[in-house]
Amino acid sequence: MPFGEGARRIIIATDRPLNFGEFRNRSRSASYGFILAEIRLTKEGKGVGKLASMAKVSWNKETRSLEIENYSNEPVRLTDVEVLGSK
């Protein structure tokens, strides 16, 4: 999908709630405390995105960007994303 003039890129990072089992058992998933999403929208308000539900996120000072560390699983693909009321 082409993204040109008027396109938007939205990045959302938030903490991930841990359930009691993850916390008590100190499972590996307890080390991944963030959910990270990236959505790309055309000027018409339609687009696609990716969602990393368990991610170890860091900030790269050189490239000034978020990076996902130890990322072995494929992200969830968001298809047919649409801004409500964009007409």
For this session: Name the residues whose placed amide hydrogens come within less than 5 Å of the amide hydrogen of LYS56, ignoring near sequence neighbours (fewer than 5 apart) on the same chain.
Result: GLU69
Exercise. Between VAL76 and LYS56, what is the label-to-label distance in nm when each label sits 7 Å out along the Cα-to-Cβ direction?
Worked result: 2.2
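All of the numbers you see were taken from the coordinates with simple rules; none came from a lab. Please read these numbers as outputs of a predicted model, since none were measured by experiment. Cβ coordinates were reconstructed from backbone atoms using ideal geometry, including for glycine residues, and neighbour counts include every protein chain displayed.
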